[in-house]
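Each value in this text was obtained by applying a stated rule to the coordinates, not by laboratory testing. Predicted, not measured: the structure shown is a model, and the values here were computed from it. Neighbour counts are summed over all protein chains in view; Cβ atoms, including those assigned to glycine, are modelled from backbone coordinates with ideal geometry.
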Amino acid sequence: LPWTEDVSELMAQRLSPWITQTLRRLGRRAEEMSLKAYVVGGFVRDLLLGKENQDLDIVIEGDALSFIKSWEADGCRVAVHERYRTGTIVFPGGRKIDVATARREFYEYPVALPKVVGDSLKHDLYRRDFTVNSMAISINGTSWGTLIDYFGGRRDLQKRQLRVLHNLSFVEDPTRVLRGLRLKHRLGFEFEDNTVRLIKSAIKGGLLALLSGTRVKNELKLIFLEERAYPIVLEMVHLGIFEALFPGIKIDRNCLRVIRRLSFFLRRIHYDLPDMGDKVWLAFLAAVLFSSAEWVQEATIDKLHLSKPDREAVERALNDLGTAENAVGGRVIRSHEEIYFFLEDVPYVTALFWAAATEQWRVRRRILLFLTRLHRIHPILMGRDLIELGYPKGALIGKILDELLRARLRGEVETREDEIRWIKKHYPLYVLKKG
Ligand code: ATP
């Protein structure tokens, strides 16, 4: 029997009105359909830790598909995977909730197994990565707020430790090693002793090499996008995870220095940087590959199945650092115009990588100047303003705007009136009319 505990009071204190209301509605609907519904996983963990988490993962005992589809009548959009009996409900306003059918290993032969209440939930939770993620809270009306903990998640949470549910966990899914490291550093937890042993033997046994490039990519991306990416990468290096994933890779102090600088930039000047979305991870990938032989760099990029633009951004980062240093570095004064037009067509992540990878402080300062300020500069006037001023539609307008941008970068114009004056002076209309 699982450990149970009433956490409804905690839910009332901690959860936002929308989350509470939504969980109530989901629970009521489940009750009407004679199903049992639970919120599970990271949400429960974070609730008990007092951390905000908006990602609701719902597990249904019984068939989740009919449950999910029933929400269409409430103005929700729904999507289902018939095969996995899972799906998503998208509420008006855009909030998404994942709903799954509690799965048993032997799902295909349900008749062979007598249905025991609570049994399929236990099986579902048993397939999860760490005990702290294996707890559920009932949201049905009658048992609202009952925490269900089969595997000692509550205790491990108190001990601030990550523990796998069984010894074959990493054999079943080696990405859990990477998930574990991410979670450990995010929460400031430790791995429990046996789990450490299993992680080491999974790495030594070559299990990580079996993962598909796409799965590795997804996990690396999540790690590099963490706020505290640097210590995770350090620990991955100590454990030999990169070598296990990418044979022949060489990670030295230079790589680590670049990664530390990237983390620093992202923490300190994040709000001044252009929005790179999740592409930022590519700068970290380039940093990891910085000291490796070219064939290793290529093999790694191949294995990760990067899209063409992503691949080009990483290759350019690695191949053209010297070019960038020559173009914007040195003791000579580089005008804003010069810096801008060298970096204008460079992907932002590539430039970000160069700023972190160069050992020349002038290069770093100038690239960061571009990324934090120059990239945003553009003329106040737009094409249609020029047409209103009497300039003909066509290529000329683009040219004038380009020249105007240069003038602005040189500091020759400030206001809209300055710009009009500048244009009239350099492109007088009478010259145009004469042809
Ligand atoms: P995060 O860990 O990023 O805060 P989360 O814990 O909600 O988010 P998700 O990736 O959304 O994690 O996964 C939801 C739940 O599914 C997790 O709490 C975990 O229990 C389980 N899970 C996810 N990936 C795996 C996996 N590879 N093996 C086992 N369980 C997994």
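With contacts taken as Cα pairs under 8 Å and at least 6 residues apart, region 301-431 reaches a relative contact order of 21 percent.
Applying the criteria of a DSSP loop state and at most 16 other Cβ atoms within 10 Å to the chymotrypsin sites (Phe, Trp or Tyr not before Pro) of region 1-105 yields Tyr84. Sorting Val7, Val171 from the fewest to the most surrounding beta carbons within 10 angstrom yields Val171, Val7. In the chain, Cα pairs under 8 Å separated by at least six residues give a relative contact order of 10 percent.
Given springs between every Cα pair under 10 Å in a Gaussian network model of the chain, which of Ala283, Ala209, Ala355 has the largest fluctuation? Checking each option, the largest mean-square fluctuation is seen for Ala209. Sequence-ordered 3J(HN,Hα) estimates for region 65-71 from the Karplus curve with 6.51, -1.76 and 1.60 and θ = phi - 60° stand at 4, 5, 4, 4, 5, 4, 7 Hz, glycine and proline given as x.
All C-alpha to C-alpha distances of region 383-434, sorted into 5 Å bins beginning at zero, yield P(r) values of 5, 20, 33, 27, 12, 3, 0 percent in whole numbers. Taking the longest Cα principal axis of the chain as reference, the axis of helix 361-372 is set at about 80 degrees. With 30 Å as the limit on Cα-Cα distance, the pairs of Lys122/Lys279; Lys200/Lys303; Lys69/Lys159 that go past it are Lys122/Lys279; Lys69/Lys159. In this structure the amide hydrogen of Leu162, modeled in the peptide plane, comes within under 5 Å of the amide hydrogens of Glu190, Phe191, Glu192, none closer than 5 places in sequence on its chain.
Note that region 125-214 carries a Kirkwood radius of 14.0 Å, evaluated over its alpha carbons pair by pair.
Rounded to the nearest Hz, the phi-derived 3J(HN,Hα) couplings of region 345-352 under the Karplus curve 6.51 cos²θ - 1.76 cosθ + 1.60 (θ = phi - 60°) are 9, 8, x, 4, 5, 5, 4, 4, where x marks glycine and proline. If you plug the beta carbon distance of Arg186 and Arg421 into 1/(1 + (r/R0)^6) with R0 = 45 Å, you get a FRET efficiency near 0.25. To the nearest ten degrees, helix 213-224 and the longest principal axis of the Cα atoms of the chain are 80 degrees apart. Compared with the rule-of-thumb size 2.2 N^0.38 Å for a compact globular protein, region 3-159 has a Cα radius of gyration ratio of 0.99. All C-alpha pair distances within region 169-305, sorted into 10 Å bins from zero, spread as 11, 43, 36, 9, 1 percent across the bins. The angle separating the long axis of helix 175-187 from the principal Cα axis of greatest extent in the chain is about 80 degrees. Looking at region 1-87, the trypsin sites (Lys or Arg not before Pro) that sit in a DSSP loop and have at most 13 other Cβ atoms within 10 Å of their own Cβ are Lys51, Arg83.
How do Asp57, Asp124 rank when sorted from fewest to most other Cβ atoms within 10 Å of their own Cβ? Please list the in-between numbers first.
On the way: Asp57 18, Asp124 22.
Listed from fewest to most nearby Cβ atoms, that is Asp57, Asp124.
Under the combined filter of DSSP loop state and at most 14 neighbouring Cβ atoms within 10 Å, region 206-313 retains these GluC sites (Glu not before Pro): Glu227. Among Tyr271, Tyr340, sorting on how many other beta-carbon atoms sit within 10 Å of each Cβ, with the fewest leading, yields Tyr271, Tyr340. Under 28 Å of direct C-alpha separation, and excluding same-chain neighbours fewer than eight residues apart, Lys399 reaches these lysines: Lys424, Lys425, Lys433, Lys434. Run a plain Debye calculation on the chain (Cα atoms as equal point scatterers, no solvent) and give log10 I(q)/I(0) at q = 0.11, 0.12, 0.14 Å⁻¹, rounded to two decimals, same order as the q list. Values, matching the q order: -0.97, -1.06, -1.23.
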